[in-house]
Amino acid sequence: MKEIKENNRSIRPTQFFHQETTQKLVAGAKVLTFYVKTFGCQMNEYDSDLIKGLLINKGFSSVETIEDADYIIINTCTVRDKADHKVYSFLGVLKDMKKIIGVVGCMAEKDGKQIIKRVPYVNFVVGPRRIKEIPDIIERLQKGEKRIVCTGDIKSPINWATTKLHSNNN
């Protein structure tokens with residue numbers, strides 16, 4: 001497994017439940033891949049599993065390394081000490097990678113458009129109540145939109161009971 005540098009120390013991306021390669025072909029087309037990095041609490045871990053499930057159900061493949069991903073999603077927290085600093089530091093690692101990058105979660109909700117102003121290579125920002133919209137947001141990016149900020153309340157509540165999660169425990 002490849003390592004990347006974060007704050008001058010090596011880190012190993014977390015193991016995911018799907019071990020498919022980025023070269024898998026379906027009907028002659030490359031399967032789009034994603035990597036989710038989670039900062040924060042147990043709720044963030046739950047939300048990351050939800051994101052993985054949503055994308056896998058749309059035909060994406062989870063990968064083990066940032067380098068192998070087409071899309072990098074950073075699930076953020078604002079409760080933990082120095083959380084914002086850790087996220088911005090991690091975003092700095094991604095600067096020259098030419099990937100589609102999304103920031104989701106509590107920090108995304110709190111800072112919204114400020115994230116894109118501060119880090120112009122971030123493509124989308126999604127608050128925690130809008131996580132189920134991530135596949136649609138990715139589709140909009142594929143159709144040519146450059147930057148998307150999706151925060152705030154939604155008109156209809158999320159039915160968590162009908163949303164399939166993907167985790168190491170399932």
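The values are calculated or read from the model by the stated rules, or taken from the named source; none is laboratory data. No experiment lies behind these values; they were computed from the predicted model shown. Here Cβ is always computed from backbone atoms with ideal geometry, including for glycine, and neighbour counts include all displayed protein chains. Only protein heavy atoms, including side chains, enter the accessible area calculation; ligands, DNA and RNA are left aside. Shrake-Rupley method; radii C 1.70, N 1.55, O 1.52, S 1.80 Å.
Residues that are of a type in the set (Phe, Trp, Tyr) and in a loop (DSSP other than H, G, I, E, B) occur in the range 115-130; there is at least one.
Please verify whether Cys150 is of a type in the set (A, V, I, L, M, F, W, C), open to solvent by less than 80 Å² (accessible area, probe 1.4 Å) and touching an Asp or Glu at 6+ places or on another chain (Cβ under 7 Å), treating the condition exactly as stated.
Yes, satisfied.
Asp49 - would you say it is assigned to a loop (DSSP other than H, G, I, E, B) and either surrounded by 14 or more Cβ atoms within 10 Å (Cβ to Cβ) or among the aliphatic types (A, V, I, L, M) (or both)? No. Annotation for the range 113-125: at least one member residue is under 15 Å from Val36 (Cα atoms), without any contact (Cβ under 8 Å) to a residue 60 or more places away in the chain and aliphatic (A, V, I, L, M).
Taking each residue of the range 56-84 that is buried (at least 21 other Cβ atoms within 10 Å of the Cβ) and looking for partners that are among the acidic types (Asp, Glu) with beta-carbon atoms closer than 7 Å, six or more apart or interchain, yields Ser61/Glu20; Asn75/Asp47.
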